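Okay, so here's the structure we're looking at.
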Amino acid sequence: MSPPALDIADTQEDAAARAADWIARKLAASDGPFRMALSGGSTPRALYARLASREIAWRRLEFFWGDERFVPYDDPRSNYAMAHEALLDRVPVEPAQVHPIPTDDDPADAARRYEETLQRAYGADSLGEPPLFDLVLLGLGEDGHTASLFPADPVLQEREHWVAPAAMQSPEPRITLTYPALESSRAVLFLVTGAEKAEAVQRVLAGDPDFPAARLKPQGETVWFLDRAAAQLLPRASSG
Ligand code: 6PG
């Protein structure tokens, strides 16, 4: 696993724009179906809005999610709703290209159903070469969580299932892809901005295992898009 690449922009807006350019280049340099896992929370909204204005081969993309809050799709907390509002409703993609995490019935059953969705898309029920995803987008919480892999959650130990309910209510129930699924990607892109994330960025990049994002060992390349505020605690050499 190669060391992560860092791209540090002056502002949150610049970081989002540079991340969008990187994704557009990645897609242009590939061919065939491109499976992409979207991240949730608030940070990616600016990235999705910029992606929506790029010239991209949208028909090649298959959209998945790295995690979801177990709420209805029209709930303001829904990662599915945010991605639709900021991106998917603004670009020419068909419903068949979009694979939301189910949030009906029961979290454990929904996680099982999503695992089946991923396995159907992948064409196998065990991960290997090629990876499951072409790109996984991730954010970072102040406690070092990513997707819905929160500190001390037993789901951090899950290495067999690809999808599982998080034990932690944060504050709503959540479903998350597990480490094996998130690691099975040609590329992982973290977009992290804001001074409040600076300590988590420093601890994760230093490999602190108490911060769940630090335990992610992606199969392919990892790139971090940061703004100066989120990068302020990094050693000078790595912060450009
Ligand atoms: C979620 C995300 C989560 C997010 C971080 C950062 O569902 O909330 O998957 O991992 O990336 O919590 O969230 P912000 O971008 O809102 O700071």
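Considering only Gly66, Gly32, Gly128, give the residue with the highest GNM mean-square fluctuation for the chain, with springs between Cα atoms whenever their separation is below 10 Å.
Among Gly66, Gly32, Gly128, the largest GNM mean-square fluctuation belongs to Gly32.
Got a number for carbon plus sulfur as a percent of segment 99-198's accessible area, 1.4 Å probe?
Reported share for carbon and sulfur atoms: 51 percent.
How far apart, in nanometres, would the label points at Ala206 and Ala108 be if each is projected 7 angstrom from Cα along the Cα-to-Cβ direction?
Distance between the two pseudo-spin positions: 3.9 nm.
In debye, nearest 20: dipole of the chain around its Cα centre with unit charges on the Cβ of K, R (+) and D, E (-)? It would help to have the intermediate numbers written out before the result.
Values: 24 positive and 37 negative charges, 148 e Å.
Its charge dipole is roughly 720 debye.
Which of rounded, prolate or oblate describes the chain when judged by the alpha-carbon gyration tensor and an a/c cut-off of 1.5?
Values: a/c = 1.39, a/b = 1.15, b/c = 1.21.
Rounded, because the longest to shortest axis ratio a/c is under 1.5.
Please give the calculated 222 nm ellipticity per residue for the chain, where each DSSP H segment of at least 4 residues contributes -39500 (n - 2.57) and the sum is spread over every residue; nearest 500 deg cm²/dmol?
On the way: 7 runs with 66 residues, N = 240.
Estimated from H runs of four or more residues: -8000 deg cm²/dmol.
Taking amide hydrogens as modeled 1.01 Å from N in the peptide plane, which residues meet the under 5 Å criterion relative to Leu127, leaving out close sequence neighbours?
none
Springs between alpha-carbon atoms under 10 Å, Gaussian network over the chain: tell me which of Thr193, Thr146, Thr103 tops the mean-square fluctuations.
Of the options given, Thr103 has the highest mean-square fluctuation.
When the chain is modelled as a GNM with alpha-carbon springs shorter than 10 Å, which of Trp65, Trp162, Trp22 fluctuates the most?
Most flexible of the set in this elastic network: Trp22.
For the residue pair Glu85 and Ala121, what label-to-label distance in nm results when each label sits 7 Å from Cα along the Cα-to-beta-carbon direction?
My value for the distance between the label points is 2.3 nm.
Between segment 1-52 and segment 72-104, what's the alpha-carbon centroid distance in Å?
With segment 1-52 and segment 72-104 each reduced to a Cα centre, they are spaced 18 Å.
In whole percent, what relative contact order does segment 70-207 give with Cα contacts below 8 Å and a gap of six or more residues?
Result for segment 70-207 is 24 percent.
Give me the one-decimal nm value for the distance between modelled label points at Glu221 and Arg159, 7 Å along each residue's Cα-to-Cβ direction.
Modelled inter-label distance: 2.8 nm.
The values are calculated or read from the model by the stated rules, or taken from the named source; none is laboratory data. Just so you know, these numbers come straight off a predicted model, no measurement behind them. A quick note on method: Cβ atoms are made from the backbone with ideal geometry, for glycine too, and the neighbour counts reach across all protein chains shown. Protein only, heavy atoms only, side chains kept; ligands, DNA and RNA dropped before computing areas. Shrake-Rupley method; radii C 1.70, N 1.55, O 1.52, S 1.80 Å.
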